[in-house]
Amino acid sequence: MTAVEHLATGDMQDLARKHLWMHFTPMGGYDAAHEVPIIVKGEGCYVFDQHGRRFLDGLSALYCVNIGHGRAEVAQAGADQGKELGFYTNWAYAHPRSIELAARIARLAPGDLNRVFFTSGGSEAVDSALKLCRQYHKLNGEGGRYKVISRKLAYHGTTMGALTATGLPGARRPFEPLFPGSAHVANTNPYRPEPGDPAEAIREKIEWEGPETVSCVILEPVQNSGGCFLPPEGYFQKVREICDEYGVLLISDEVICSWGRLGHWFGSGRYGYEPDLITTAKGLTSSYAPMGAVIASDRVFAPFNTDGEAFWHGITFGGHPMASAVALANLDVMEDEGLLENVLENEDAFAAMLDSLRDIPIVGDVRGTGYFWAIELVKDRETKETFTPEECNWLLRDYMSAEVFARGLICRADDRGEPVVQLAPPLIAGPEQFEEIRTVLRPVLEEASRRLGL
């Protein structure tokens with residue numbers, strides 16, 4: 001009996017329902033009549049479930065399998081490293097692979113962001129960056145700076161520190177009270193803009209909170225939650241000036257937007273700004289191994305580089321030798337196969353395919369860049385009226401998620417903000433995969449429009 005045949009017998013379903021606690025998942029929805037989706041194999045842009053059905057992975061698992069699935073050479077790099085040195089810590093010790101990877105990241109990062117602090121993932125990277133900012137200000141004699149400014153609806157991670165920066169009320173509420181010091185400003189949603197200049201809103205918030213209390217501003221190059229909010233022209237340049245004016249550190253949260261997702265090594269490179277710190281993860285290893293990092297400028301590192309001083313923080317598995325080897329092999333693939341160039345060459349075709357869906361009544365807006373796009377769904381395109389909570393729940397959970405999956409596509413139907421469908425295929429994708437996405441989304445969106453009487 002093959003592995004897939006064994007899984008199809010139902011044993012794994014029973015074990016999953018009894019023992020596996022999945023993330024961000026209502027576990028009560030699974031029973032004998034409602035299977036847990038079990039993915040058993042990946043190959044290129046596609047994954048296969050326990051029944052052998054093939055799905056186009058239109059979300060790169062979770063915005064992260066950038067080089068595609070089944071790259072044995074990348075996994076092998078980790079295995080080979082394990083034979084030599086399976087693990088040693090970066091707490092007061094170094095090893096060759098983390099040194100090589102840090103140097104390579106520094107060469108690719110913008111400006112003088114030359115210091116790399118490794119973590120196990122994105123939330124840990126954000127948590128680490130927030131702590132780093134606080135200690136940086138203390139070392140510079142400004143210990144009163146502890147507040148973090150981020151944008152409404154922004155998602156920056158799930159650890160308690162990262163959750164403080166997250167601007168999603170629904171994500172914060174179950175765990176309140178959070179650490180003090182979070183403040184949120186307008187995002188850059190071009191479809192539903194808030195009044196005023198969104199960069200100036202950061203200045204106003206700094207002044208309102210008191211500049212002497214503000215530690216950092218954390219922003220994604222393209223905001224994920226809410227559906228791929230792009231920055232307006234000159235936005236990040238103005239934010240950079242504001243942060244410099246008030247002595248506030250600027251964190252570019254690129255857990256999603258780095259490693260080619262926007263056609264550049266870093267999203268900050270796409271939009272032409274130089275932050276003080278970058279947080280990254282996901283595509284760094286294409287998630288063949290868990291790894292994240294904080295990349296800091298020489299200026300931020302300087303006060304830590306004195307006799308007897310240190311960043312008093314650590315992650316056991318940060319800079320893991322096997323994960324570092326996987327990351328190096330992943331970057332080799334990206335460079336050797338020109339994956340950033342592939343994104344830039346094909347992003348217009350991807351955009352054109354999604355724009356072709358604008359005639360469907362439920363499609364209100366299409367926005368994004370690179371291989372990172374969202375379709376916002378509306379009840380009325382003229383007024384931009386959205387759906388009631390009950391309608392939204394039916395649309396995204398009862399209908400769309402199940403229907404696109406049944407038709408062989410994995411994407412994200414999300415309502416953190418207004419209801420959106422998000423797409424972020426592996427960077428190896430091209431027109432063939434775009435057409436597959438279209439052939440699934442068009443009939444599903446048309447049927448949703450019909451059932452809602454649009």
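Go through segment 66-78 and give me each residue that's in contact (Cβ under 8 Å) with a residue 40 or more places away in the chain and either loosely packed, with under 13 Cβ neighbours inside 10 Å or in contact with a Leu (Cβ under 8 Å, 6 or more places away or on another chain) (or both).
N66, I67, G68, E73, A77
As an exercise: evaluate Y271 against (1) under 20 Å from the mean Cα position of the chain (by Cα); (2) of a type in the set (S, T, Y); (3) farther than 26 Å from P193 by Cα; (4) surrounded by fewer than 24 Cβ atoms within 10 Å (Cβ to Cβ) and give the number of the one condition it does not meet.
In the conditions (1) under 20 Å from the mean Cα position of the chain (by Cα); (2) of a type in the set (S, T, Y); (3) farther than 26 Å from P193 by Cα; (4) surrounded by fewer than 24 Cβ atoms within 10 Å (Cβ to Cβ), Y271 misses (3) alone.
Across segment 421-436, what is the total count of residues that are surrounded by fewer than 24 Cβ atoms within 10 Å (Cβ to Cβ) and either in contact with a Leu (Cβ under 8 Å, 6 or more places away or on another chain) or in a loop (DSSP other than H, G, I, E, B) (or both)? Talk me through it step by step, then tell me what you get.
Here is the first cut: in segment 421-436, the residues surrounded by fewer than 24 Cβ atoms within 10 Å (Cβ to Cβ) are 422, 428, 430-436.
This time we only want the ones that are either in contact with a Leu (Cβ under 8 Å, 6 or more places away or on another chain) or in a loop (DSSP other than H, G, I, E, B) (or both), so: 422, 428, 430, 433, 436.
Qualifying residue count, segment 421-436: 5.
Counting only residues that are in contact with a strand residue (DSSP E or B) (Cβ under 7 Å, 6 or more places away or on another chain) and surrounded by fewer than 21 Cβ atoms within 10 Å (Cβ to Cβ), how many does segment 222-245 have? Talk me through it step by step, then tell me what you get.
We begin by selecting, within segment 222-245, every residue in contact with a strand residue (DSSP E or B) (Cβ under 7 Å, 6 or more places away or on another chain); these are 222-223, 227-230, 239-240, 243.
Filter once more, keeping what is surrounded by fewer than 21 Cβ atoms within 10 Å (Cβ to Cβ): 230, 240.
Within segment 222-245, residues that are in contact with a strand residue (DSSP E or B) (Cβ under 7 Å, 6 or more places away or on another chain) and surrounded by fewer than 21 Cβ atoms within 10 Å (Cβ to Cβ) number 2.
Just for segment 197-221: of the residues that are surrounded by fewer than 21 Cβ atoms within 10 Å (Cβ to Cβ) and touching a residue at least 60 places away in the same chain (Cβ under 8 Å), which one is farthest from G141 (Cα to Cα)?
Here the residue is E209.
With (1) open to solvent by 60 Å² or more (accessible area, probe 1.4 Å); (2) β-branched (V, I, T); (3) in contact with a Ser or Thr (Cβ under 9 Å, 6 or more places away or on another chain) as the list, and I360 as the residue in question, which single condition is left unmet?
(1)
Would it be correct to say that A171 is assigned to a helix (DSSP H, G or I), under 12 Å from L153 (Cα atoms) and of a type outside the set (K, R)? Can you show your working first?
Details: assigned to a helix (DSSP H, G or I): yes; under 12 Å from L153 (Cα atoms): yes; of a type outside the set (K, R): yes.
In short, yes.
Can you list the helices (runs of 4 or more DSSP H) found entirely within segment 189-292 that contain at least 1 residues being touching a Cys at 6+ places or on another chain (Cβ under 6 Å)?
On the way: elements: 198-209, 235-246, 267-271.
By residue number, 267-271.
Of the numbered conditions (1) crowded, with 21+ Cβ neighbours inside 10 Å; (2) modelled with pLDDT under 95, E194 fails exactly one; give the number of that condition.
If we test E194 against (1) crowded, with 21+ Cβ neighbours inside 10 Å; (2) modelled with pLDDT under 95, just (1) comes out false.
Which ones in segment 395-420 are part of a strand (DSSP E or B) and charged (D, E, K, R)? Spell out the reasoning first.
Narrowing segment 395-420 to residues part of a strand (DSSP E or B): 409-410, 412-414, 420.
Passing the criteria: R412, D414.
Pairs only if they're at least six apart or on different chains, beta carbon under 8 angstrom, first in segment 146-158 and within 17 Å of R240 (Cα to Cα) and open to solvent by less than 60 Å² (accessible area, probe 1.4 Å), second in a loop (DSSP other than H, G, I, E, B) and of a type in the set (S, T, N, Q); list them, first residue then second.
That search, which allows pairs on different chains as well, returns S150/T166; R151/N187; R151/T188.
Could you list, in sequence order, all residues of segment 293-313 that are assigned to a strand (DSSP E or B) and either over 30 Å from G68 (Cα atoms) or without any contact (Cβ under 8 Å) to a residue 60 or more places away in the chain (or both)? Walk me through it before giving the result.
The first filter runs over segment 293-313 and keeps only residues assigned to a strand (DSSP E or B), leaving 293-297.
Result: S297, single match.
Count, please, the residues in segment 79-116 that happen to be open to solvent by 50 Å² or more (accessible area, probe 1.4 Å) and within 14 Å of V300 (Cα to Cα).
4
Looking only at segment 134-145, count every residue that is touching a helix residue (DSSP H, G or I) at 6+ places or on another chain (Cβ under 8 Å) and either without any contact (Cβ under 8 Å) to a residue 40 or more places away in the chain or of a type in the set (A, V, I, L, M, F, W, C) (or both) and tell me the total.
The number of residues fulfilling the criteria is 2.
S401 passes all but one of (1) in contact with a strand residue (DSSP E or B) (Cβ under 8 Å, 6 or more places away or on another chain); (2) over 22 Å from V222 (Cα atoms); (3) polar (S, T, N, Q); (4) at pLDDT 95 or above; which number fails?
Only one criterion in (1) in contact with a strand residue (DSSP E or B) (Cβ under 8 Å, 6 or more places away or on another chain); (2) over 22 Å from V222 (Cα atoms); (3) polar (S, T, N, Q); (4) at pLDDT 95 or above is unmet by S401, namely (4).
List the residue pairs whose Cβ atoms are under 6 Å apart, where the first residue sits in segment 103-130 and is more than 26 Å from K147 (Cβ to Cβ), the second is open to solvent by 30 Å² or more (accessible area, probe 1.4 Å) and assigned to a helix (DSSP H, G or I), and the two are 6 or more positions apart or on different chains.
Hits for this filter: N114/D298.
The values are calculated or read from the model by the stated rules, or taken from the named source; none is laboratory data. All figures in this text were calculated on a predicted structure; none of them were measured in a lab. Backbone-built Cβ (ideal geometry, glycine too); neighbour counts: all protein chains shown. To get the accessible areas, we keep the full protein, side chains included, count just its heavy atoms, and leave off ligands, DNA and RNA. Shrake-Rupley method; radii C 1.70, N 1.55, O 1.52, S 1.80 Å.
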